[in-house]
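Beneath this line is the structure, given in structure tokens, with notes to follow.
The values are calculated or read from the model by the stated rules, or taken from the named source; none is laboratory data. Computed from a predicted model, the values in this text were never measured in an experiment. Quick reminder, even Gly has a Cβ in these numbers, built from the backbone with ideal geometry, and neighbours come from all protein chains shown.
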Amino acid sequence: MTTRFVAPSILSADFSNLGQDIEMINESEADYIHCDVMDGVFVPNISFGIPVIEKVAEVATKPLDVHLMISNPDPFVVPFRKAGASILTVHYETCPHLHRTIQSIKSEGMKASVCLNPHTPVHVLDDIIVDLDMVLIMSVNPGFGGQTFIKNSYKKIRLLKEMIASKNPKCLIEVDGGVNFETGANLYDAGADVLVSGSFIFKSDDPVATIRKFKSL
Ligand code: DX5
Ligand code: ZN
């Protein structure tokens, strides 16, 4: 059975009315709220951090799926748990001691997820996949919303699906970047379980209907 989860990314929300956009997600069929944290070092952009996540958590009725695009995530595992993260994603490229980082996320009671940049091959997860709740495949280079989907991501998802089937069938595959109805349908076919979508949802005329349609692609 395939999971068809949707995680709207609030990177494309209206930050001057963030509470309203969170309420919209609460009322929709979305499964998670995707929160993109960027430090201006690992990625060439700065977004928002712990104080904003805390406020989002006060309003949100859906689990917070926090994507850390920061160069040194280890000291921030506990602060993000305290801020309200349910799922914490770290980038493979930022974690020299990934096993330790994953254990620390799980020991805080959060779901642990690892993200791969477009150039990072899936096989680097061979010896850590058994410990993961989710893998996030970046289908654009991280740092900005509204970029074009990188088609090589489909191949990575199929490879990852095989690895997961043989080693840890409960692990979910999430995909982030350039997701719309067309790429989304292909991604579910390739084996994705969770679609992140920012600009496509928030720029649509009826975001609640757009989220609903993602669930039935
Ligand atoms: C990019 C972020 C994404 C971003 C996706 O670095 O990780 O979550 O919000 O935006 P869209 O859906 O517009 O490509
Ligand atoms: Zn993201």
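Restricting attention to segment 138-154, the residues being within 10 Å of ligand 2 (Cβ to nearest atom) and of a type in the set (A, V, I, L, M, F, W, C) number 2. Scanning segment 128-151 for residues that are more than 14 Å from ligand 1 (Cβ to nearest atom), farther than 18 Å from A7 by Cα and touching a residue at least 12 places away in the same chain (Cβ under 8 Å) yields I128, I129, V130, D131, L132.
Of note, D21 does not satisfy the criterion of being among the acidic types (D, E), surrounded by 19 or more Cβ atoms within 10 Å (Cβ to Cβ), at pLDDT 95 or above and within 16 Å of the chain's Cα centre (by Cα). Scanning segment 22-52 for residues that are farther than 11 Å from K62 by Cβ, touching a Pro at 6+ places or on another chain (Cβ under 7 Å) and within 14 Å of ligand 2 (Cβ to nearest atom) gives a single hit, V43.
Screening segment 158-183 for residues that are more than 14 Å from the chain's Cα centre (by Cα) and within 16 Å of ligand 2 (Cβ to nearest atom) and picking the one that is farthest from P118 (Cα to Cα) gives N180.
Would you be able to say whether some residue in segment 60-77 is of a type in the set (D, E, K, R), within 15 Å of ligand 1 (Cβ to nearest atom) and within 18 Å of I137 (Cβ to Cβ)? Looking through segment 60-77, at least one residue is of a type in the set (D, E, K, R), within 15 Å of ligand 1 (Cβ to nearest atom) and within 18 Å of I137 (Cβ to Cβ).
Looking only at residues that are in contact (Cβ under 8 Å) with a residue 60 or more places away in the chain and under 18 Å from T148 (Cα atoms) in segment 189-213, which one is farthest from ligand 2 (Cβ to nearest atom)? Per the stated criteria, the residue is K203. The residues of segment 13-58 that are under 18 Å from T89 (Cα atoms) and of a type in the set (G, A, S), listed by number, are G40, S47, G49, A57.
Among the residues of segment 83-91, at least one is surrounded by fewer than 20 Cβ atoms within 10 Å (Cβ to Cβ) and within 18 Å of F5 (Cβ to Cβ).
Of everything in segment 92-105 that is of a type outside the set (D, E) and within 16 Å of ligand 2 (Cβ to nearest atom), the residue that is surrounded by the most Cβ atoms within 10 Å (Cβ to Cβ) is T94.
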